Structures are given as structure tokens and as C-alpha cells.
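I have placed the structure first, in the form of C-alpha cells, so that the comments after it can refer back to it.
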Amino acid sequence: MDLNQAVDRIERFLLPLLSIGLALILFGLFCVCQGLNPLDVYASIYRAAFGRWSSFQNTLLRAAPLMLCSLCTILPAQTGLIVIGNEGALVIGALSATCVGMLVYGFAPFFAQLLMVFAGCLGGGLWIGLLGLLRAKRGVNETISGLLLNYVAIALLNFFVEGPIRDPASLNNPASFPLADSHLLGNLPGMRVHFGIIVGFVACLLSTWLIYRTPLGFSARVTGGNYRAAQIVGLSVNRLMIIFSIFGGAAAGLAGMIEVAAVHGRANDDLVAGYGYGGVLVAFVARQNPLVAIFVSVLVGGILASGGILQRVHDLPDSTVLIFQGLVFLCVLWSDSFYGKLNSLVPHFIHGSCHEIFNSSCAPEDISHG
Amino acid sequence: MSSRFSLSRRIVLRGILAAGSLGLVKAVSGCSPTNLAGNAERDLVVGFIYVGPKDDYGYNQAHAVGAAALSKIDGIKVVEEASVPETTAVVETMRNMIEQDKATLLFPTSFGYYDPHILKLAKEYPDVQFLHCGGLYQNGHPTNVGSYFGYIDEAQYVAGIVAAHASKTGKLGFIAAKPIPQVLRNINSYTLGARSVRPDVTNQVIFTGNWSEPVKEAEAMNSLADVGVDGVTCHVDSPKIIMELAEKRGINCSGYHTDQSALAPKGYLTGAEWDWSSVYQAYVNDIQAGKSLANGSIPHLYRGGLGDKFVKISPFGPNVTADAKKDAEAALQKLLTGELVIYSGEMKDNTGRIVIKKGASLKQRDLALEKMDWLVAGVKGSTKV
């Protein structure tokens with residue numbers, strides 16, 4: 001490994017830690033303003049999120065949908081897209097899974113669940129795939145269209161839940177017909193955490209493999225790294241964008257299916273609980289790396305899980321958790337502008353010998369220059 | 001080399017022991033206060049859970065006011081959590097309140113908390129009583145679950161009378177979330193109240209589609225003011241923006257959920273308010289007297305109107321004339337005694353269909369009113385969103 005790479009690696013490890021440290025200091029100031037000792041508050045957050053097995057289960061419960069939702073941003077991000085339509089994809093996935101679940105009411109559980117998973121993935125995948133398609137074919141900004149489609153998805157959910165699939169018994173709290181009890185996803189043995197956590201974990205691992213170990217993932221990263229270069233080497237960049245958008249949407253749709261099948265048992269507007277937006281946060285804090293996203297999801301899940309104790313023990317306002325989350329997000333985004341700075345601090349004469357190797361290792365850029 | 005290794009291993013071992021004992025001390029010292037709190041058996045710990053902020057000038061604030069009244073009673077400790085989403089989060093919050101705070105009575109106040117979350121947890125903790133706002137209890141649900149709700153449309157009826165008196169254009173407006181029975185009943189009662197003193201009054205209804213849509217609520221409010229509506233009320237989670245805008249546009253408004261007169265000091269006429277303090281005190285008195293949901297000494301469904309102190313009207317604002325006050329108070333008295341039945345025939349909906357036959361009347365507790373799917377004559381709008 002040459003020096004530049006070593007410095008880069010240290011930087012990649014150090015900057016996220018420093019930015020989270022800075023967020024902790026800023027949040028500490030907030031606690032001081034509220035008349036509290038920040039260390040006490042951090043101790044409480046730790047206890048409520050990771051301190052005991054029971055509280056850790058609370059954290060895992062919240063982390064499960066975050067892992068899947070973060071993939072909805074991470075996967076398209078490999079091709080250079082910034083997708084924040086996760087909430088919409090989750091809702092559409094949940095809605096499709098519910099509709100199919102109602103159709104297969106009498107089927108054998110395993111078969112029905114498989115169909116629901118398929119429906120959820122298909123619904124979410126097509127939803128975000130549409131963003132990719134619009135971007136690739138018509139140049140529509142995928143960030144804006146994703147944000148707007150979130151509202152469309154919620155409106156569609158309300159339309160279906162209050163119209164075609166409404167259970168007439170749900171008078172004052174409109175909801176779809178319930179799924180068959182036998183079709184619901186259970187909890188992991190001896191825990192109160194549902195199977196979603198395993199699915200999220202596996203999906204993140206699969207995505208890591210896809211991105212870093214397959215030609216398809218490599219092509220996507222080349223596209224994300226330099227769009228023109230990718231075109232020149234003959235990659236079909238448009239197709240890659242659409243494929244990775246579909247994969248991302250499928251992950252969020254799967255999260256929606258799991259919310260329906262493991263938590264709610266039916267579709268209604270309770271599904272819009274903010275996991276989609278939480279997923280965007282996780283993706284950016286994890287710097288679009290699905291493996292890191294597993295840990296960040298657990299961290300963010302822990303922050304969410306500690307919200308209760310902050311209110312009940314420290315008498316902090318209910319928005320405290322959002323403030324903490326927001327500070328972490330801002331600091332991590334800010335730290336992005338520091339990448340590469342550490343290398344320029346290393347005295348120039350040490351670099352000299354390494355230059356040749358470094359330049360030749362960066363294939364796409366070479367081609368674009370040539 | 002080897003001696004150095006064993007030394008470091010010893011140090012490591014010592015370190016582990018020290019850390020462990022530190023943890024032990026912490027655990028013991030950490031435990032003692034909670035044990036003490038748990039031992040104080042006289043204290044009834046009551047948990048309140050809200051779906052939004054406690055100071056939303058609306059649904060959640062109304063409940064928080066009730067909780068605050070309970071916390072003043074001796075022997076009651078209130079724990080609260082706000083902005084809890086209607087998903088696994090609320091299950092975890094309830095569980096923590098039960099296990100960490102030793103709560104034995106829970107008030108999870110949002111509609112979406114009930115099915116499946118409360119129903120699931122109630123089976124797991126049969127000794128804890130779960131009281132849910134919304135009236136969703138049905139036979140077959142766990143016996144330690146109860147549900148309560150108020151006939152707040154009676155207060156809306158009175159507010160309608162006041163609004164009709166104050167209106168110059170004869171056009172009222174109603175901003176509502178969803179066309180569900182409880183909302184339709186409020187719209188209809190408000191309209192019927194208004195038309196009881198001024199039969200030519202119309203009430204334009206606008207549905208926003210969801211409980212908390214401040215932007216759409218503001219748009220609806222502005223468009224109502226633009227078409228000459230000069231008195232608005234609403235059924236959304238937080239009426240704050242509607243009241244503030246009505247004041248800015250110089251028209252009258254009538255509150256909902258809680259007292260919003262501070263937001264519109266000039267145009268606030270009155271409002272339909274929950275009186276949860278009185279309901280919660282009644283529940284707590286029962287429980288302190290040893291009654292419980294599980295043995296049936298506390299009813300599983302508990303509902304009431306003005307007469308049962310479930311709901312009340314806000315104090316009259318400056319734009320309410322003496323005539324309006326007289327009519328409103330007369331109606332209030334008749335509703336308190338049950339002499340006035342709001343839904344009595346012959347009544348037509350706004351498409352001309354007869355919904356209540358001549359001579360028939362649907363009293364406050366009639367189940368037919370719980371399934372309302374029509375808008376009464378005089379309402380402009382449709383139940384189809």
C-alpha cells in the first residue's frame with residue numbers, strides 16, 4: 001500500500017468519528033442550554049439504546065426497516081443518483097404487498113409470504129425505477145421527483161385504504177382488510193425483534209457483494225465516479241442507473257412488506273412513520289456503503305430508542321431526538337468537504353515516489369483524459 | 001518477554017475485575033432509586049403517550065392538559081412521551097413505561113395505537129390497564145383494555161349557533177381531515193346548530209385528507225375566506241394555523257380540541273373542547289377505589305357528552321352578541337338535560353335523500369350515528385374525497 005492510500009484510509013476512518021464527536025459536543029451544548037449535564041444525558045442514551053438486552057432489542061426493532069430503507073439511497077448512489085424517495089417506495093411496497101396478501105388470503109403461509117415479498121419488491125422497485133427512467137431518458141432530477149413522488153405515494157395509500165381495499169369495519173380509523181394471521185411474520189426465537197432484522201442484514205451484505213465484488217457493481221461505481229468516462233468505455237450508463245434504482249426501490253418496498261406483515265397486519269396511514277427519511281440519513285452517514293449502513297442503522301435505531309428516556313427521565317422536549325439526529329447528519333455532511341485534505345498536509349517530498357503508481361491505478365480518469 | 005506478557009495479562013485481569021466491580025457498584029446504586037420508587041406502593045404511575053407534540057394547540061395538547069391535572073393529585077405520578085409514531089415505537093414506549101417506570105395505567109391517546117399495538121401488549125401485561133381514546137373497543141378484545149370517547153358534536157352544535165349569529169354573509173366553513181363518521185358528525189352538528197337559528201346558512205366543507213396537513217389547511221382557509229366565508233371551524237389535529245389565518249383575514253373562527261382563543265383574540269367566538277381532566281380524574285378515582293377493567297367494575301366503553309363532562313365549550317369571545325349568548329346557553333341547557341335531540345327527523349342529506357324519517361330521532365348514544373356517512377342539507381361538499 002502506498003502512502004496516499006494509507007493516508008486516505010486513515011482519513012476515511014477518522015473523519016466520520018470526528019464528525020460524530022463534533023455532533024456529540026454540539027448536542028452537549030444543547031443539553032447544557034436545557035440545564036442538564038451532557039454526560040448524564042449520554043449515559044441515559046447509552047443505557048436506553050444498548051445498555052441492556054431488552055433495550056438493545058428496542059434498538060434492533062427500529063434498525064431493521066432503516067437498513068432496508070438506506071439501501072434505497074445507497075444502491076442508486078453507486079451510479080451517481082441521489083434518491084430520497086425511500087418513504088414513497090416503502091409505502092408502495094407495503095400497499096402492493098397488502099393487496100397481494102388480501103388476494104392470497106387462503107394460500108399456504110410460505111407461498112403467500114413469498115408472493116407478498118415479490119409484490120413488495122416489485123412495487124417499490126418500479127416506483128424508484130421510474131425515477132431512474134425519468135432521469136436516464138428525460139433528464140428529470142431524481143432527487144426532486146423522488147421527494148414529490150413520496151407525496152404521491154402517500155396519497156395513493158390513502159386513496160386505496162379509504163376506497164377500494166377498505167375494511168368496512170374500520171369506521172373511524174380507515175384501514176385495509178387484515179392479512180391472514182398465519183401469513184404474518186413472527187419474531188425471532190426468544191426475542192421481540194421480528195425477522196426484518198435478518199432480512200435487512202442479509203440485504204446489506206448482498207448489496208456489499210453486488211457493489212464491490214461483481215462486474216455489474218463495478219460498472220455502476222465507474223458510472224457514479226465519472227459518467228462520461230463510463231460512456232466512453234462503452235458502459236450503458238442509462239441502463240445501470242435504472243437497474244440500480246430498481247434494486248434500491250425493491251429494498252425499500254421489502255421494508256414496506258415487512259412493516260405490513262410483521263408489525264401492522266394491514267395497510268393504513270400508520271405506515272408513514274418516517275423510516276424512509278431515516279434511511280436517507282443512514283445512507284449519507286454510512287457514506288453510501290451498505291456494510292457500514294448496518295452499523296449506522298443500529299446507531300440511529302439506538303438514538304430513536306433513547307427518545308423515550310430523554311423525555312421521561314430528563315424532561316427534554318420530544319424534538320430532542322430530532323435535534324440529535326439532525327446534528328449528526330449535518331456534521332457528517334460537512335465532513336464530506338474535508339476528504340482529501342489530509343493528503344495535502346503530508347509533506348510533498350514524501351509523495352514523489354508514489355505518484356506513478358497512484359495515477360495508473362485510476363483507470364476511468366485516465367481514459368477520460370485520453 | 002514472557003514475564004512482561006504475564007504482567008500485562010495480570011494487569012488486564014485486574015482491569016477487568018476493576019471494571020466489573022465498577023459496573024456492579026453502578027448497577028447496585030442505579031437500582032436502588034428505582035427499587036425505592038417501586039416500593040412506594042401508594043403511588044399510581046400513569047403513562048400518557050401522544051402521537052404529536054404536547055403543545056400543538058390541538059388533539060395532543062387537550063390530552064396533555066388532562067395529564068397535567070392528574071399529576072397534581074396526591075399519590076399519582078404521571079410519565080409522558082410525545083411524538084411517538086403509531087408503529088413498533090409505541091409498543092416499546094408502553095413496555096418501557098410498564099417495566100422501567102412501573103406504570104400500571106396507560107393512556108395511549110392516538111387512534112392508530114389501538115390495533116394491533118395495544119391489543120398485542122395488553123395480552124402480555126394482564127395486570128396493566130390500557131385506556132385508549134377513540135371508542136374502538138369491541139367484544140373479544142383483552143379484558144384489561146378500555147376505550148373512551150366524547151360526543152363532542154354537542155359542543156359543535158352550540159358553536160354552530162354562535163357562528164350563525166356572528167356571520168354577515170351567511171356562509172360558514174369547515175376544514176376537516178377525513179370523511180369518517182366522527183368527523184361527519186361534527187360537521188353535521190355544527191351545520192344543524194347554525195341552521196337552528198338561521199335556516200339559510202350554508203357550511204362549505206373542505207377535506208384535507210389527513211390529520212396534520214398545515215399547508216393544505218392554510219390553503220383551504222384562504223380559499224374559504226376568498227369566497228366570502230366569515231366563520232370557520234375545523235376537525236384536524238392541530239387547528240393552530242387555521243385560527244391564526246382566520247384572525248389575519250379578519251374573519252371569525254371557532255376552535256376545536258382545546259382553547260385556541262390566544263391565537264385569535266379578536267375573532268375567536270367559542271370552541272368545542274375536550275374536558276379530559278374530568279374524564280381522567282373519574283378513571284383514576286375508580287382505580288384508586290380498587291375498581292378495574294378486568295373484573296368489569298370499570299366499563300370497557302365509556303362515553304359521554306356535555307352532561308357527562310366529557311366535552312365543554314370555550315369561553316365566548318368579544319364578537320359574540322348578547323342574543324347569540326342567549327341562544328347558545330339555551331341550547332346548552334337543553335343538551336345538558338337531554339331535552340334537545342340533535343338528530344331528529346325528518347332530516348335530509350345534502351343530496352335530498354331522507355336520512356332520518358319523520359318522527360324518528362337518533363339520540364346521543366344511538367349506534368346509527370357511529371356509522372354516519374352523509375352530510376346534512378346545508379353542507380356544501382361531498383363525502384367522496
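Per-structure values
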| quantity | calculated |
| --- | --- |
| Cα pair distances exceeding 41 angstrom across the protein assembly as shown, given as percent | 40 |
| Relative exposure of B:Tyr114, A:Tyr339, B:Tyr256, judged by other C-beta atoms within 10 Å (fewest first) | A:Tyr339, B:Tyr114, B:Tyr256 |
| Partner aspartates and glutamates for B:Lys178 [C-alpha distance under 14 Å; skip if fewer than 8 residues away on the same chain] | A:Glu162, A:Asp269, B:Glu213, B:Glu217, B:Asp237, B:Asp373 |
| Cα-centred dipole magnitude for the protein assembly as shown, charges only on beta-carbon of K, R (+1) and D, E (-1), debye, nearest 20 | 780 |
| P(r) of the range B:130-269 over all Cα-Cα pairs, binned every 10 Å from zero, in whole percent | 13, 42, 30, 10, 5, 0 |
| Unit charges on C-beta of K, R, D, E only; dipole of the range A:132-291, Debye | 840 |
| Most positive-pole-ward Cα, A:Leu147, A:Gly124, A:Asn268, against dipole of chain A from beta carbon charges | A:Gly124 |
| Mean Cα-pair separation over length for the range A:59-305, i.e. relative contact order, pairs under 8 Å, 6 or more apart, % | 43 |
| Span from the the range A:190-230 Cα centroid across to the the range B:290-329 one, whole angstrom | 57 |
| Options A:Gly308, A:Leu179, A:Gln34, ranked by Cα towards positive dipole end of chain A, top entry (Cβ charges) | A:Leu179 |
| Shielding by partners - mean other protein chain Cβ count within 10 Å, residues of A:306-313 | 6 |
| Residue-averaged 222 nm ellipticity for the protein assembly as shown, from DSSP H runs of 4+ at -39500 (n - 2.57), nearest 500 | -18000 deg cm²/dmol |
| Degrees between helix A:215-225 axis and first principal axis of chain A (Cα, 0 to 90, nearest 10) | 70 |
| Cross-link table B:Lys171/B:Lys334; B:Lys120/B:Lys384; B:Lys72/B:Lys309, entries beyond 22 Å C-alpha to C-alpha | B:Lys171/B:Lys334; B:Lys120/B:Lys384 |
| Whole-angstrom gap from the range B:215-253 to the range B:73-116, using each part's C-alpha centre | 33 |
| Per-pair calculated FRET efficiency, R0 = 30 Å: B:Ala368 and B:Thr169 via Cβ, rounded to 0.05 | 0.35 |
| Debye, to nearest 20: dipole size of chain B, +1 on Lys, Arg Cβ, -1 on Asp, Glu Cβ | 580 |
| Dipole of the range A:59-305, positive end: most advanced residue of A:Gly253, A:Thr214, A:Gly85 [Cβ charges, Cα centre] | A:Thr214 |
| Spacing of the two label points (7 Å from each Cα toward its C-beta) at A:Gln231 and A:Cys33, in nm | 4.7 |
| Separation of alpha-carbon centers, the range A:161-186 and the range A:315-343, rounded to whole Å | 39 |
| Set of the range B:139-180 residues, backbone N closer than 13 Å to the point 7 Å along the Cα-Cβ line of B:Ser223 | B:174-176 |
| Compactness relative to 2.2 N^0.38 Å, alpha carbon Rg of chain A | 1.07 |
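Every read-out reported here was derived from the displayed coordinates using simple, explicitly stated rules and does not represent laboratory data. On a predicted model such as this, the values are computed, not experimentally measured, just so you know. Ideal geometry is used to build each Cβ from the backbone, glycine not excepted, and the neighbour counts take in all protein chains shown.
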